[in-house]
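The values are calculated or read from the model by the stated rules, or taken from the named source; none is laboratory data. Everything numeric here is computed off the predicted structure, so don't read it as measured data. Glycine gets a Cβ as well: all are built from the backbone with ideal geometry, and neighbour counts include every protein chain shown. Areas reflect the complete protein model, heavy atoms only, side chains present, ligands, DNA and RNA absent. Shrake-Rupley method; radii C 1.70, N 1.55, O 1.52, S 1.80 Å.
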Amino acid sequence: MTGIRDVAEEWDVRDGHTPFQGRMTGMRSEQVRMPDGSWAQRDYQIHPGSVGVLAVDQQARVLVLRQYRHPVRHRLWELPAGLLDVPGENPLHAAQRELFEEAYCKAGNWRVLVDFYTSPGGSDEALRLFLATELSEADGERYAAHGEELELESAWVPLEQLIDLVLAGELHNPTLVTGTLALHTVLARGGVDTLRPADAPWAARPF
């Protein structure tokens, strides 16, 4: 079927303001004109964007990390990920940094696995998820963890086991859920070489 793709569009806005701005994210409140001509208030998080890394080894095991997430009061199993908090930074470089900092690991091959908006009804956060293969231990001094990362746990879990846990409702992080299902599909439909290169254009967060 042709014509099935997301397209950029912007409806008329009035009375826009930012009632809260934190260190990296904020809240935006706007009046948006509806198709019938009425105005409706929309409040959403403004976000710099994020990158994530699905690192998979030669035994088809995925690197996962468990971290406390205060808004949902859970320790969640996740993929290495982080904010695009350096203006203009190449997303690939940010992903490589996250893999180093959170797992002391590097990869010889990088591809774009999938791009998505994490919660488009309430945030403008866009996330690019990379697939990292040909893994090895990183070089140099290890990153000094802080905050929630002080209790970061790591594990290497077979991809098929992660798929089962996702479908059983045991894992809930959206990047992990999206990434494992996407990789499963890629491997069933031609393999890693069919993915976009690591420097593929990203309309949501141009670089």
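Observations
- Potential lengthening between ARG196 and VAL7 on full extension [0.36 nm per residue; Cα-Cα distance subtracted]: 66.1 nm
- For the chain, the mean residue ellipticity at 222 nm estimated from helices alone is -5500 deg cm²/dmol, where every DSSP H run of n ≥ 4 contributes -39500 (n - 2.57) and the total is divided by all residues, rounded to the nearest 500.
- Potential lengthening of the chain between GLU170 and TRP156 amounts to 3.4 nm, from the contour at 0.36 nm per residue minus the alpha-carbon distance.
- Span-like helix ranges in the chain, DSSP H, alpha carbon extent 15 angstrom or more, Kyte mean at least 0.5: 174-188
- Between HIS17 and TYR104, the FRET efficiency from the beta-carbon distance, with R0 = 41 Å, is close to 0.45.
- Peptide packing: for 48-58, 87-97, 34-44, the average count of neighbouring Cβ atoms within 10 Å per residue gives the ranking 48-58, 87-97, 34-44, highest mean first.
- Extension gain for ILE163-LEU187 works out to 7.3 nm (0.36 nm per residue, less the C-alpha to C-alpha distance).
- Solvent-accessible area per residue in segment 52-207 equals 54 Å², computed with a 1.4 angstrom probe and all protein chains kept.
- Estimated distance in nm for a label pair at ARG69 and HIS93, the labels positioned 7 Å out from Cα along Cα-to-Cβ: 2.8
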